[in-house]
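Here is the structure we will look at.
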There are 2 protein chains.
Amino acid sequence: MSDPTSKDFTAACPAPFAAHDRVVLAHGGGGRAMHRLIEGMLGAFDNEALAARHDGAVVSVGTTRLAVSTDSYVVRPMFFPGGDIGKLAVYGTVNDVAMCGARPRWLSVGLVLEEGTPLETLGRVVESMRRAALETGVAIVTGDTKVVERGKGDQVFVNTTGIGVVEHALRIEPASVRAGDAVLLSGDIGRHGMAIMAAREGLAFESDITSDCAPLAAMVQGLLTRGLEVHCLRDCTRGGVTSALVEIAEAARLELELDEAAVPVHEDVRAACELFGLDPLYVANEGRLVCFVPEREAEAALAALRADPSGTEAAIVGRVTGAGRGTVTVRSRYGTARALDMLNGEQLPRIC
Amino acid sequence: MSDPTSKDFTAACPAPFAAHDRVVLAHGGGGRAMHRLIEGMLGAFDNEALAARHDGAVVSVGTTRLAVSTDSYVVRPMFFPGGDIGKLAVYGTVNDVAMCGARPRWLSVGLVLEEGTPLETLGRVVESMRRAALETGVAIVTGDTKVVERGKGDQVFVNTTGIGVVEHALRIEPASVRAGDAVLLSGDIGRHGMAIMAAREGLAFESDITSDCAPLAAMVQGLLTRGLEVHCLRDCTRGGVTSALVEIAEAARLELELDEAAVPVHEDVRAACELFGLDPLYVANEGRLVCFVPEREAEAALAALRADPSGTEAAIVGRVTGAGRGTVTVRSRYGTARALDMLNGEQLPRIC
């Protein structure tokens with residue numbers, strides 16, 4: 001069917017269409033291809049909330065500021081060491097709302113089910129969502145269910161959209177990051193990605209690695225109730241710590257320096273990464289955040305992160321060196337420096 | 001992988017699992033099977049907003065009331081006479097927010113893309129969403145993109161979640177419906193379903209039927225700005241006018257009577273329905289609502305509906321006869337009466 005609108009779109013935002021003419025797995029990988037595709041779509045939807053290039057949007061009703069974030073979950077396998085798609089769908093979106101500095105309150109759930117999916121499987125996912133919602137203090141207030149024919153889906157896809165309330169006057173977003181800020185990481189990295197990899201059928205490596213999948217809202221509240229001047233927060237999901245840092249650096253037009261030796265990586269994760277030729281800095285996490293605060297508050301922020309059960313290994317891992325084009329430089333334990341960029345391809349499809 | 005939680009879920013809400021042990025297409029059809037499945041899941045997520053059994057949830061932040069609604073869109077074909085999946089994904093969710101009596105303000109978009117989907121197709125969908133958002137005055141403020149392997153999805157699935165602000169003191173929900181209320185319908189029915197049916201590959205009937213796909217928020221504002229005492233609103237999507245009325249009647253524990261002769265059905269739609277052995281009262285619409293108001297305000301509400309471009313054929317089609325178990329009785333043009341129930345099977349998969 002012909003549609004005159006397609007021309008307008010291609011003219012308005014050619015960027016995402018330069019490298020490919022069809023959707024490839026890398027478009028969902030959290031790296032450069034996804035970034036380009038999304039930048040193209042954001043062009044079409046241009047508005048102030050999107051212009052902040054944040055994990056979620058902050059909008060105002062009168063004097064109330066609300067944070068809104070959405071994510072679809074297609075992780076495979078659906079049940080993995082340390083979590084499952086239901087838990088991930090609640091924690092993941094609650095975390096994105098928290099990254100806006102908001103207290104997560106309400107969640108919507110949209111299910112796309114494949115014909116033939118055992119209802120017992122669906123029941124396990126729903127029960128897991130119920131528990132995760134209770135645990136994180138959000139109410140699942142509305143939902144929708146669609147069914148597609150066998151072979152047109154993959155058992156259960158979940159979308160959750162979260163709404164939270166911003167209860168302070170800070171603007172927690174890339175534009176608030178300043179030269180001199182300290183960069184903190186809330187814990188060891190790479191466990192979610194390597195747990196999924198280990199759980200994937202056909203992979204012949206034995207491992208006890210469990211996903212780091214965890215809710216981060218309480219940790220964020222911990223920073224805020226201490227009155228710390230938090231400039232930016234981001235959870236390090238698809239594309240790992242690297243994508244989170246590069247996105248923020250590019251949006252803020254600043255240069256960052258990362259101290260590789262300061263980044264906590266567990267020995268089993270490091271070994272698994274070496275086996276697969278992966279850099280832990282690119283591996284997905286589901287319960288880790290980076291936090292930007294003024295240098296003078298770095299130690300207090302570190303203490304706040306460490307006070308949370310999933311922040312015990314938090315560390316100061318870098319700093320903002322000055323204005324620039326968004327380069328993130330990593331200094332290795334051997335003193336060498338290299339620029340980090342987002343992944344160009346796809347490391348591991350359907351990680352979340 | 002064994003999971004102790006599955007037992008809890010099955011014990012807590014066995015109802016949806018009685019008739020089937022796997023997901024069937026009817027679970028997405030808007031009829032009784034879907035209703036049972038959803039009731040089961042609502043049991044797991046029990047809270048006040050869900051208890052209202054409305055199209056969306058109304059939640060409060062201080063003195064501000066917000067309406068939230070979510071829908072996933074999997075319609076096939078994605079482009080059909082009178083609309084496309086992008087337009088539907090914006091209008092549909094905006095309409096659900098409006099059915100809570102709220103002014104729709106913000107929208108999130110979650111895309112699940114199948115590897116191999118032409119980016120030109122995605123571009124058309126995105127452009128259509130952009131236009132529909134402009135038209136309905138909502139801002140698309142946040143989004144997410146996931147990619148699944150070839151054969152694990154079907155090109156483009158869209159989830160939209162809408163947030164609106166309730167700007168009046170009414171409680172527009174099934175619990176507000178009273179005996180004696182008039183039931184109004186905003187226009188002719190059955191066009192969306194028959195347009196999709198006509199557009200489906202392999203159907204050998206020629207037709208000029210276009211979808212009724214339309215935004216309804218301005219129509220609702222028209223009712224509210226006239227100060228009418230609106231008791232309940234619902235758009236008549238999957239499962240048609242029948243599902244909308246039965247859902248409201250059951251939630252409110254009231255009996256309704258519908259005057260079949262008063263329900264507008266276009267001649268071409270009626271002919272197509274007869275050809276396929278379908279009852280227009282069960283066919284999906286995407287731009288029609290039912291409205292409950294006190295009898296004394298029925299004519300004023302009718303005038304308000306008719307003042308909207310998509311309400312020119314609005315009609316008073318029934319009334320609430322009294323308390324009961326939620327039976328909806330339809331009186332035919334020949335004077336006979338029959339009880340309407342939700343569909344038990346699936347009339348037309350992936351209608352929206």
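The values are calculated or read from the model by the stated rules, or taken from the named source; none is laboratory data. A quick note: this is a predicted structure, and the numbers were derived from the prediction, not measured. Counting neighbours? That spans all protein chains shown, and the Cβs are built from the backbone with ideal geometry, glycine included. Please note that ligands, DNA and RNA were not included when accessible areas were found on the heavy atoms of the full protein model with its side chains. Shrake-Rupley method; radii C 1.70, N 1.55, O 1.52, S 1.80 Å.
Springs between alpha-carbon pairs under 10 angstrom, Gaussian network model over chain B: which of B:Val125, B:Val147, B:Val317 fluctuates most? In this elastic network of chain B, the residue with the biggest mean-square fluctuation among B:Val125, B:Val147, B:Val317 is B:Val147.
Sorted from closest to farthest, the other copies place their B:Arg333 label points 8.4 nm away, with each point set 7 Å from Cα along Cα→Cβ. When the charge dipole of segment A:56-166 is built from unit charges on Cβ atoms (+1 for Lys and Arg, -1 for Asp and Glu) and taken about the Cα centre, the candidate among A:Thr63, A:Ala132, A:Pro104 whose Cα reaches farthest toward its positive end is A:Thr63.
Using the Cβ-Cβ distance between B:Glu39 and A:Glu39 with R0 set to 35 Å, the FRET efficiency works out to roughly 0.25. Summary of the geometry: segment A:264-320 and segment B:129-191, compared by the centres of their Cα atoms, lie 40 Å apart. Counting only DSSP H runs of at least 4 residues, each contributing -39500 (n - 2.57), and dividing by the residue count of chain A, the helix-based mean residue ellipticity at 222 nm comes to -9000 deg cm²/dmol. Relative to the other identical copies, B:Ala261 shows label-point distances of 9.1 nm, where the label point lies 7 Å from Cα along the Cβ direction and values run shortest first. Using Cβ point charges alone (K and R +1, D and E -1), the dipole size of segment B:174-340 about the Cα centre works out to roughly 480 debye. Across B:Arg32, B:Arg53, B:Arg131, mean-square fluctuation computed from a Gaussian network of chain B (C-alpha pairs under 10 Å connected) peaks at B:Arg131.
Over segment B:56-166, what is the relative contact order in whole percent, taking alpha-carbon pairs under 8 Å and six or more residues apart? Relative contact order, segment B:56-166: 42 percent. When only Cα pairs below 8 angstrom with a gap of at least 6 residues are kept, segment A:174-340 shows a relative contact order of 42 percent. Shown for segment B:174-340: the carbon plus sulfur share of the solvent-accessible area, taken with all protein chains present and a 1.4 angstrom probe, equals 48%. Note on the protein assembly as shown: Cα-only Rg and Dmax are 25.5, 90 Å.
Given R₀ = 22 Å, what would the calculated FRET efficiency be for B:Asp46 paired with A:Glu149, taking r from the Cβ atoms and rounding to 0.05?
0.10
Roughly what percent of Cα-Cα pairs across segment B:174-340 reach past 21 Å? Tail of the P(r) past 21 Å holds 44 percent of the pairs. A Förster distance of 35 Å, applied to the separation of the beta-carbon atoms of B:Arg22 and B:Ala303, puts the FRET efficiency at 0.10. Most simply put, segment B:56-166 has about 75% antiparallel DSSP beta bridges, counting only bridges with both residues inside it.
Calculate, for chain B, the solvent-accessible area per residue in square angstrom, rolling a 1.4 angstrom probe over the heavy atoms of the protein chains.
Accessible area per residue, chain B: 36 Å².
Annotated for the protein assembly as shown: lysine pairs at least 8 residues apart or interchain, Cα distance under 20 Å, count 8. Highest mean packing comes first when the peptides A:297-309, A:87-99 are listed by Cβ atoms within 10 Å, giving A:87-99, A:297-309.
Ignoring ligands, DNA and RNA, what percent of the accessible area of segment A:64-115 is carbon or sulfur (1.4 Å)? C and S atoms contribute 43 percent here. Reported value for chain A: 153 Å³ per residue, from the convex hull of its C-alpha atoms.
The distance from the alpha carbon centre of segment B:58-77 to that of segment A:33-99 is 16 Å, rounded to a whole number.
Take B:Arg226, push a point 7 Å out from Cα through the beta-carbon direction, and compare it with the same point in every other copy: 5.9 nm, smallest first.
Under a 5 Å amide H cut-off, with hydrogens placed 1.01 Å from N, A:Arg65 pairs with A:Val166 among residues at least 5 apart or on other chains.
Using only side-chain charges placed at the Cβ, +1 for Lys and Arg and -1 for Asp and Glu, the dipole size of segment B:56-166 relative to its Cα centre rounds to 320 debye.
Within 10 Å of the Cβ of each residue in B:64-77, the mean number of Cβ atoms contributed by other protein chains is 6. Inverting the mean 1/r over all pairs of different Cα atoms, compute the Kirkwood radius of segment B:56-166 and quote it in Å. Kirkwood hydrodynamic radius for segment B:56-166: 14.3 Å.
For the pair B and A, the buried accessible area comes to roughly 7500 Å² in total, with a 1.4 Å probe and the value rounded to the nearest 100. Normalising the average separation of contacting C-alpha pairs (under 8 angstrom, six or more residues apart) by the number of residues puts the relative contact order of chain A at 23 percent.
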